[in-house]
Structures are given as C-alpha cells and as structure tokens.
Amino acid sequence: MIKQSFSHVRTWVFDLDNTLYPPAARLFDQIEVRMTRFVMQALGVDHERANFLRGHYWRTYGTTLAGLMREHDVDPGPYLQDVHDITFDALDPDPHLASLIAALPGRKIVYTNGTAPYAAQVLKARGLDAAFDALYGVEHADFAPKPERAAFEAVFARDGVDPLSAAMFEDDVRNLAEPHAMGMRTVHVAPTAVKADHIQYHTDDLGAFLARLT
C-alpha cells in the first residue's frame, strides 16, 4: 500500500538535521550554543535574552537567522559560518541507510535550513554523500528559510523539482505544510507522531520506512 502511494515519485527531498541522523546524536545542541553566543555578541545582550531571542526568532520566522536579518539586518555569511563550526564525532556511518536511499527510483536531494557546506560535512560523516545527487542550503533560497513557500519554490526551481512527482522527508512539522500544499508526498520523520492534515505519513525509523518503498 505505501509503496504504491509513492510509485509516482521521481524526486526524493530530504531534510538534514534530525532527519538523516538520529535526534539522539544531539548535533543541533552544539549549533544552538553557538547561535546564542552569536546573538549575545551581535546584539549586545546577556545570555538569557539571547537564548530567548534565538527561540523567539525560530518560532516567528522559521530560523533564528531570518529574525536576525529582518529585525537587525545581520549579515548571514559570518553567522552561518560561525554557528556551523561544530564537531561531528556524534555521527556514525550508516551504510544500510545509504543503500536504501541510493535504491530509490529517481533523483535524491538534500534541502536544509543550514548551509550546503555544513550539509556536506554531515553527509560525509554519515557515509551518505554518494547516495545524493545534489544538496541545497538556505543560501540557495537567498536565505529565506523553510517553512516559507518562496524558499521551497526557489530551491525546487533551481533543481527542476516537480512537486507533483516528489516526496519530502522532514522532522519539523511546520516544514511539511507548504510541500503538502504544492502536491508533494509528505513524511514526518520524528520519534513522536503529530496529527496534522499536511502530514501523510510518519516514521520514527527512516531506514525501515524506506525499506518498505524499495
């Protein structure tokens, strides 16, 4: 049944963080520490205020960066370089997942609100780099973040994605709303299921889900 539901898919779009590696790796914890520190330095606020703003901007604009750009005209380049300067020791290679992704029929791409160079490092650490045809970061959408419709449209236009023959795998529920509205199959990849009209499938095990498709 599930395999038939995805039989028309020719482009497979995967988010990166907490989607292509287990949330237990807690890689984003390192990034959040660096985000808070950057906000402190850029805005001249204390740790408590910076931590609040980091979360507030993420909830309001989709990413902390989007809030900093819109409300404080922060240059995205130094910010993105700084917050992604982390270690990848918590990530383990997953050759089984790599083989499952590679076996999907059609084009496989990564689209993250991080940067493409950061995504490349994550994929290399996971042993997934050879499984994908392309990867896109927030810079490819002129720094507009998911969940904005314009961000998806910019990246999909760049890659030539037809949403009507594509699927989106994503851990952030918000980031599946526009793909669903555009006609994509949507898969929420997270430990806990969330009920929403724009979520068609949920899995807490990406590899197991992909095995059912291939």
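The values are calculated or read from the model by the stated rules, or taken from the named source; none is laboratory data. Model, not experiment: these values are computed from the prediction. Note that we place each Cβ from the backbone using ideal geometry, even for glycine, and neighbour counts take in every protein chain shown.
Key figures
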{"quantity": "Every pair of residues 6+ apart whose Cβ atoms lie under 7 Å, when the first sits in segment 138-156 and is on the phi > 0 side of the Ramachandran plot and touching a residue at least 24 places away in the same chain (Cβ under 8 Å) while the second is part of a helix (DSSP H, G or I) and of a type in the set (Lys, Arg)", "calculated": "none"}
{"quantity": "Some residue of segment 116-134 being touching a Phe, Trp or Tyr at 6+ places or on another chain (Cβ under 8 Å), of a type in the set (Val, Ile, Thr), buried (at least 19 other Cβ atoms within 10 Å of the Cβ) and modelled with pLDDT of 95 or more", "calculated": "yes"}
{"quantity": "Segment 168-214: number of residues that are in a loop (DSSP other than H, G, I, E, B) and more than 13 Å from the chain's Cα centre (by Cα)", "calculated": "16"}
{"quantity": "Residue among Leu80, Leu27, Leu91, Leu100 that is under 17 Å from the mean Cα position of the chain (by Cα) and farther than 25 Å from Pro147 by Cα", "calculated": "Leu91"}
{"quantity": "Hits in segment 43-82 (condition: over 12 Å from Glu32 (Cα atoms), of a type in the set (Val, Ile, Thr) and either in a loop (DSSP other than H, G, I, E, B) or assigned by TED's automatic domain parsing to the domain that holds Pro145 (or both))", "calculated": "Val45, Val74"}
{"quantity": "Flag if Thr36 is in contact with a helix residue (DSSP H, G or I) (Cβ under 7 Å, 6 or more places away or on another chain), closer than 19 Å to Arg174 by Cα, in a helix (DSSP H, G or I) and not small (Gly, Ala, Ser)", "calculated": "no"}
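Residue by residue, here is whether (1) closer than 16 Å to Leu65 by Cβ; (2) touching a strand residue (DSSP E or B) at 6+ places or on another chain (Cβ under 8 Å); (3) among the hydroxyl-bearing types (Ser, Thr, Tyr) holds:
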residue: Ala120; (1), (2), (3): no, yes, no
residue: Ala130; (1), (2), (3): no, no, no
residue: Asp133; (1), (2), (3): no, yes, no
residue: Pro145; (1), (2), (3): yes, no, no
residue: Arg149; (1), (2), (3): no, no, no
residue: Ala154; (1), (2), (3): yes, no, no
residue: Arg185; (1), (2), (3): no, yes, no
